[in-house]
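Enquirer: Once you've had a glance at the structure underneath, I'll fire off some questions.
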Amino acid sequence: MTIHLDLSGMLRAAVPTGPDAAALAALQPRLTAAAQGFEASVARGVLGFRELEAQAAERSHVLEWASRARRGLDDVIVLGIGGSSLGAIALRTALLPRDWNARSTPQREGRPRLHVLDNVDPRSVGGLLDLVSLERTRVLVVSKSGSTAETMSQYLLVRNRLQAAGLAASAHLAFVTDPALGALRKLADAEGIPAFEVPANVGGRFSVLSPVGTLPAALLGMDVEQLVAGAVAMRDRCVGDQLRGNPALAFAALQWRAQEEAGQGMHVLMPYSDAFRDLAPWFVQLWAESLGKRRPDGRHVGPTPIAAVGATDQHAQVQLFMEGPADKTVTFVDVEEHEDLRIPDAEGTPASLAYLRGRGFGELLRAEARATAGALAQMGRPTMTLRVTRADAWHLGGLFMFLELATIYAGQLYGVDPLDQPGVELGKQLTYYQFGHPDWQQMRSVWESLPTSNPDWVI
């Protein structure tokens, strides 16, 4: 079981904008400073997503509770948004068979379906709740603060439907929230609703290896211990200030340099694997919300992450990557071992298709990944490749940890705090104001100063 980062396609030998040996050497002071900043964050105790040993007791609680709670369940619903939902989606896509929710109970070996409500569109919310039988459903309400407007509105609707059906909240709800604070924690304590802790030093987009991700994973029978083991193995590799010794730092540094030195500020993550396709949207939130910031000196910085999947996007976005503006890097995720599904070696195959006979679908997918990387290099477009042995829990945990660590190192390089999200708060506050939230009525002057729709320009 391995995860390797191949940086060859980012370097001067492959593309004209890449660093040569002298440019790599010139990066070293920045690498050293970034590593020192990272270690200072570790010492301050703010990188709780790394502290997986400290979370072992809560993880055991999750596994023990889930082993009992999943009996007799047909459905698990996650109510969450952003970092409270994207990890569960990535876990479902990677670690369960394709179209899991469409499979029969015997095909699922008695395990429940997993639904994620990550928006408040009434079509989706009402449609799902009309579909499931609440008597055989467990609803996971995931909000560290217990005040997320979208998630809490969903919770209130579910709570109302449980009451209307005469069902006990404690038998059909579970909360994932702050250890001590917030409305969900108070409700859990008052009503005996099962509740699981997001460590105080773990932010939402870094929380997939906490109960935010491990609780739905455990209820679906995924291998949580292997998920964590892969993450620990990667964490322990990503230390120090040397490019060759710290893959997360190397990823962050070459992406940062591509933007700062070559104007390549769009960073594509393109798994050549349907199992890992939802890792890319998870990465998009992580990279965007962590690094798109205004620095203390007033400069606006940050890359623009893009999700793609191979080979699908060879027939969509790759045209842009190849011949559009040279402002992108592409990181492939290449899975070495696929299920053995063969292209039939059938008599009567047209001569024009004979080259496919008897070959493997996984073999074709990997060939297309190499071909796309080669074609991009031919056009002078930088790439790197994350090579993983197979799509399983250990490798997924490693990829989660790798990208989280790379984000922290990148924050050091960009000169921003990758753990906050001040740009999100104003929109939240204006939403609260519109709904009459008593704590945010001081936003009235801001709301009234905003541009309004001009009827002359409604055409």
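Enquirer: Could you check what % of the DSSP bridge pairs in the chain are antiparallel, to the nearest 5?
Expert: Within the chain, antiparallel bridges account for around 15 percent of the total.
Enquirer: Provide Rg over Rh for the range 339-405; use the alpha carbon set for both Rg and the Kirkwood Rh (inverse mean inverse pair distance).
Expert: With Rg and the Kirkwood Rh in hand, the quotient comes to 1.12.
Enquirer: Report the local net charge at Asp6: Lys and Arg +1, Asp and Glu -1, summed over other residues whose C-beta lies under 9 Å from its C-beta.
Expert: Here the count lands on 0.
Enquirer: Moving on. Using +1 at the C-beta of Lys and Arg and -1 at the C-beta of Asp and Glu, which of Ile306, Ala21, Ala43 has the Cα lying farthest in the positive direction of the dipole of the chain?
Expert: The one lying farthest along the dipole's positive direction is Ala43.
Enquirer: I've got another one for you. Given 5 Å bins starting at zero, what is the percent of C-alpha pairs of the range 287-358 in each, up to the one with the largest pair distance?
Expert: Pairs per bin, as whole percents: 3, 11, 13, 12, 13, 14, 10, 8, 4, 4, 3, 3, 1, 0.
Enquirer: Right, something else. Could you order the peptides 47-59, 179-191 from most to least packed, using the average number of other C-beta atoms within 10 Å per residue?
Expert: Packing order, densest peptide first, comes out as 47-59, 179-191.
Enquirer: Residues with beta-carbon under 15 Å from that of Ala168, excluding Ala168: net charge, scoring Lys, Arg +1 and Asp, Glu -1?
Expert: +2
Enquirer: Please compute the contact order of the chain in relative form: average sequence separation of alpha-carbon pairs under 8 Å and at least six residues apart, divided by the residue count, as a percent.
Expert: 22 percent
Enquirer: Another question, then. Please compute the net charge surrounding Gly302, taking Lys and Arg as +1 and Asp and Glu as -1 over other residues with Cβ under 11 Å from its Cβ.
Expert: That sum, taken over residues with Cβ under 11 Å, equals +3.
Enquirer: Now, a different point. Under 18 Å Cα-Cα from Lys328, which aspartates and glutamates qualify once same-chain neighbours fewer than 8 residues away are excluded?
Expert: Hits, sequence-local ones excluded: Asp6, Glu260, Glu261, Asp313.
Enquirer: Order these peptides, 151-164, 402-415, by their mean beta-carbon neighbour count within 10 angstrom, highest first.
Expert: 402-415, 151-164
Enquirer: Spelling out what I want: for every residue of the range 182-190, take phi, set θ = phi - 60°, compute 6.51 cos²θ - 1.76 cosθ + 1.60 (Karplus), and round to whole Hz; glycine and proline get x.
Expert: Rounded to whole hertz, the list is x, 5, 5, 5, 5, 5, 4, 5, 6.
Enquirer: In what sequence, highest mean first, do 112-125, 378-391, 209-222 appear when ranked by Cβ atoms within 10 angstrom?
Expert: Values: 112-125: 17.3, 378-391: 19.1, 209-222: 26.0.
Packing proxy ranking, top to bottom: 209-222, 378-391, 112-125.
Enquirer: Same structure, new question: Where q = 0.06, 0.09, 0.14 Å⁻¹, what log10 of I(q)/I(0) comes from the Debye formula for the chain, counting one point per Cα?
Expert: Summing over Cα pairs of the chain leads to -0.29, -0.66, -1.39.
Enquirer: To continue, here is another question. Can you compute the helix-only [θ] at 222 nm over the chain? Use -39500 (n - 2.57) per DSSP H run of at least 4 residues, normalise by all residues, nearest 500 deg cm²/dmol.
Expert: -14000 deg cm²/dmol
Enquirer: Return a whole-number percent for the relative contact order of the range 193-254, with Cα pairs under 8 Å and 6 or more residues apart as the contact set.
Expert: This gives 15 percent for the range 193-254.
Enquirer: Right, here's the next one. Over all directions, average the projected area of the Cα convex hull of the range 71-220 and note it in nm². If you can, show how the numbers build up before the last one.
Expert: Working: hull surface 33.0 nm².
It is 8.3 nm².
Enquirer: Determine the distance separating the Cα centre of the range 139-193 from the Cα centre of the range 383-406; give it in Å without decimals.
Expert: 33 Å
Enquirer: Same structure, new question: Give me the base-10 log of I(q)/I(0) for the range 52-149 at each q in 0.13 Å⁻¹, Debye formula, one uniform scatterer per Cα, rounded to two decimals.
Expert: -0.52
Enquirer: Related question: What whole number of Å gives the distance from the Cα centroid of the range 12-81 to the Cα centroid of the range 248-280?
Expert: That distance is 16 Å.
Enquirer: Please report the relative contact order for the range 71-220, taking Cα pairs under 8 Å with a sequence separation of at least 6, and give it as a percent rounded to a whole number.
Expert: 30 percent
Only the coordinates and a few stated rules stand behind these numbers; no lab work does. These numbers were taken from a predicted model, which means no experiment stands behind them. Heads up, the Cβs are rebuilt from the backbone with ideal geometry, glycines too, and the neighbour counts pull from every protein chain shown.
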